[in-house]
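These notes are about the structure you will find just below.
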Amino acid sequence: MRFTPEFLDELRARVRVSDVVGRTVKLQKRGNAYWGLSPFKKEKTPSFSVDDNRQSYHCFSTGQHGDVIKFLMETKGLTFPEAVEQLALEAGLEIPKASPHEAEGAAQKQGLIEACEQATVFFQSMLRRSQGRQGADYLKGRGVAEGLIEQFRLGYAPGDRTALKDYLINKGFLEATLVDAGLVIKPDDGGASYDRFRNRVMFPILGPKDAVIAFGGRALDPDARAKYLNSPETPLFRKGDVLYNFAAARAAAAETKKPLIVCEGYMDVIALWGAGARTAVAPLGTALTENQLALLWRQSDEPVLCFDGDSAGVSAAFRSIDRALPLLKPGKSLNFAFLPQGQDPDDMIRAGNAAGLEALLASPQSLADVLWRRETEARPLDTPERRAALRAHLRSMIAGIADKDVRLAYGVEFANRLRDVFAPVVTRSGGAPFPRNRAGFARRRRFESEGERLFREAAPSAALKRLAPPDSARRGATLVLAGLNHPELVRRREAAFFDLDLGMADLDQLLSELLGALLADPHLDSAGLKAHLHTTPAARTLQRILSDETLNRQSFLRPGAEINEVEWGWSDALRHHLLATSARRDMAASASQAFSDGEETWKAAITAREALINSGHSSAVPDRDGEAGSGELDERLQRMRASVGAKRRKRKFEH
């Protein structure tokens with residue numbers, strides 16, 4: 001249906017935005033506008049404004065704005081034509097007449113709707129008669145209360161070959177109409193037509209304006225060819241465009257602000273409704289389609305997909321991810337709730353575990369979590385080659401995300417996960433690994449003992465604060481800057497970059513953003529990479545590194561350097577970084593052992609730590625990168641260990 005600009009302008013002029021919005025949001029007049037709490041997010045201070053003079057609304061907390069038509073679309077999940085028709089009815093404005101061709105098509109559809117409505121009445125009546133005893137017993141056995149039977153207009157299709165056909169023809173419907181509506185099958189060989197649904201419990205499927213547009217039928221004969229049978233594609237019904245119970249669930253979601261719940265079947269939806277969860281919908285026997293995802297996202301930013309706790313349910317969840325991943329938009333994703341093995345929502349509710357089901361739905365897993373689980377559990381990852389294959393596979397999936405912002409966000413997320421999970425793990429003295437925790441972009445610290453944790457978290461002296469950055473920070477910055485100026489280096493040494501633990505939150509954040517950008521777009525050059533990173537939270541760190549004159553004096557870091565020279569210089573810098581990191585860890589372990597021996601030994605350990613971090617300022621002869629060579633660092637480490645040990649022995653002797 002097409003609406004002219006003039007008609008829409010007249011509609012907006014007749015309807016006050018504040019009247020329509022006021023049915024959903026409690027508004028208070030302030031000056032020339034009305035204010036209330038945002039209908040798009042939970043808040044305590046009003047940030048939602050409605051201006052009748054401008055015929056618009058604006059939400060300052062989310063940035064959403066528009067006219068009265070868009071408000072109904074965003075808060076009620078209506079399509080544009082549905083919103084216009086609802087407002088026109090309220091305003092007493094006549095909908096523009098369709099063209100002759102459109103009018104003919106509308107008349108045909110109306111005839112099909114009327115046939116489906118009368119078929120629903122017939123099926124409902126059959127459920128109450130002796131012929132429908134088997135169907136009624138089935139519903140009773142599934143715990144479907146009488147009120148739910150009425151609510152969902154459930155019925156029974158008799159086993160007779162032409163029971164429905166005869167009933168509707170006696171009502172005045174043409175056989176051709178019944179065939180077009182999918183209620184009757186006309187054989188290709190010219191034989192007599194017959195009912196599509198026989199000896200089945202019937203589930204009416206509703207479309208716009210709550211009109212019945214199709215049916216699903218559950219077979220009662222255990223030998224039936226298909227357990228569930230849906231209507232065929234008709235002018236009213238396209239299976240991939242419809243969700244069972246969508247209209248009612250959409251209204252409930254708009255009222256309660258709860259997400260839509262996607263189940264696998266009709267009975268799950270009905271059981272959830274009976275348990276008070278009225279936002280449940282179901283696809284019609286297939287994996288979610290693009291159009292069904294669009295329907296879900298029209299009402300819920302993150303609908304919850306609820307799957308049976310078996311291999312089939314997990315496989316269905318994985319298929320949904322593959323379908324949804326390319327379509328993700330900022331703020332639009334999917335969550336997943338997996339039920340106990342072999343159970344569906346109907347099973348849990350009938351077993352009296354509605355509370356457990358509610359808890360699972362209230363704490364679902366994110367799409368990113370389920371995708372990561374799928375990819376890391378699908379194959380062994382115990383060799384470098386297999387981990388490289390994982391990175392390559394993740395890269396190909398992320399590249400399929402159409403939205404650039406979401407694609408880059410997934411790149412950073414999975415870059416962080418790859419670094420966290422596959423970085424070398426330091427173990428406790430007993431051999432048990434430390435738990436892996438990550439706060440934001442900062443890399444987790446890995447400690448060998450509680451004493452080491454206390455040692456590392458001790459507040460350093462003012463002198464240490466002044467002396468630490470030139471060596472440790474520049475060493476880490478060198479490793480990152482090489483990748484910034486030469487993305488080809490990251491592609492060559494990808495595993496080593498992912499294993500880097502720089503020990504500084506700002507550098508780790510920049511490295512994660514860098515790796516994430518290249519994971520999302522492997523073909524980025526240096527200019528494109530830097531342009532992107534300037535838009536990220538790591539922009540200040542990036543600018544500081546790029547403007548550091550000391551770093552830029554190193555020839556292999558310059559943008560014009562040959563890649564082989566870059567790789568050689570980077571490998572040398574990595575060797576020094578790993579050596580110094582190991583030296584610090586060894587020194588910390590020695591100091592943590594001394595911690596329990598008293599304050600004097602603790603102070604000695606702190607002094608040793610400061611000396612180690614300040615080692616670049618000693619008189620030792622530096623190597624080509626401006627840091628002490630491996631022999632020098634080892635020698636200093638031994639001297640520090642001896643100093644701490646002497647302090648400890650002296651204190652024991654005095655006591």
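Bear in mind these aren't lab numbers, they're just calculated from the coordinates by the rules spelled out. On a predicted model such as this, the values are computed, not experimentally measured, just so you know. Backbone-built Cβ (ideal geometry, glycine too); neighbour counts: all protein chains shown.
Let a ≥ b ≥ c be the square roots of the eigenvalues of the Cα gyration tensor of the range 157-214; is it rounded (a/c under 1.5), or, if not, prolate (a/b larger than b/c) or oblate?
prolate
Quick one: if you take sqrt(5λ) for each eigenvalue of the C-alpha gyration tensor of the range 168-274, what semi-axes come out, biggest first, whole angstrom?
Sorted largest first and rounded, they come to 29, 17, 11 Å.
Only counting other Cβ atoms within 10 Å, I'd like 576, 393, 486 sorted with the fewest neighbours first.
Result, fewest neighbours first: 393, 576, 486.
Quick one: which residues, 5 or more positions from residue 262 or on another chain, have an amide H under 5 Å from its amide H? H modelled 1.01 Å from N in the peptide plane, none for Pro or chain starts.
It is 281, 304, 305, 306, by chain and number.
With Kirkwood's inverse mean 1/r over C-alpha pairs for Rh, give me the Rg to Rh ratio of the range 246-376, two decimals please.
0.93
Given the pairs 42/70; 42/76; 76/258; 29/258, which are separated by over 23 angstrom at their Cα positions?
As for pairs spanning more than 23 Å Cα to Cα, those are 29/258.
I need the phi-derived Karplus couplings for the range 405-410: 6.51 cos²θ - 1.76 cosθ + 1.60, θ = phi - 60°, integer Hz, Gly and Pro marked x.
Taking θ as phi minus 60°, the curve returns 5, 5, 4, 5, 4, 5 Hz for the range 405-410.
Between residue 41 and residue 60, 0.36 nm times their residue separation minus their Cα-Cα distance comes to what?
Taking residue 41 through residue 60 to full extension adds about 5.7 nm, to one decimal.
Among 581, 478, what is the fewest-to-most ranking by other Cβ atoms within 10 Å?
Ordered by Cβ neighbours within 10 Å, fewest first: 581, 478.
Using the Karplus curve 6.51 cos²θ - 1.76 cosθ + 1.60 with θ = phi - 60°, work out ³J(HN,Hα) for each residue of the range 108-117 in order, rounded to whole Hz, and write x for Gly and Pro.
Listing the rounded values in order: 5, 5, 5, x, 5, 4, 5, 5, 5, 5 Hz.
Expressed as a whole number of Å, what is the distance separating the alpha-carbon centroids of the range 190-215 and the range 320-353?
Rounded to whole Å, the Cα centres lie 28 Å apart.
Given charges of +1 on the Cβ of Lys and Arg and -1 on the Cβ of Asp and Glu, with all other atoms neutral, how large is the dipole of the range 246-376 about its Cα centre, in debye to the nearest 20?
That gives a dipole near 440 debye.
Decide, for the range 5-91, between rounded, prolate and oblate: order the square roots of the alpha carbon gyration tensor eigenvalues as a ≥ b ≥ c, take rounded if a/c falls under 1.5, and otherwise choose prolate if a/b is larger than b/c, else oblate.
In terms of gyration-tensor shape, prolate.
Give me the distance in nm between label points sitting 7 Å out from Cα along the Cα-to-Cβ direction at residue 488 and residue 565, one decimal.
Calculated label separation equals 1.3 nm.
Which of the three applies to the range 227-301, rounded, prolate or oblate, going by the alpha-carbon gyration tensor with a ≥ b ≥ c and a/c under 1.5 meaning rounded?
It is oblate, given that a/c is not under 1.5 and a/b is not larger than b/c.
Find the centroid of the Cα atoms in the range 65-84 and in the range 153-179, then give the distance between the two in whole Å.
When both Cα centres are located, 38 Å separates them.
Using amide H atoms built in the peptide plane, which far-off residues or other-chain residues are under 5 Å from residue 56 H to H?
The list, which skips near neighbours in sequence, is 51.
Among the lysines, select those whose C-alpha is under 18 Å from the C-alpha of residue 109, and discard any that sit fewer than 8 residues away in the same chain.
97, 171, 209, 239
What's the exposure ranking of 315, 320, going from fewest to most Cβ atoms within 10 Å?
Going from least to most buried by this count: 315, 320.
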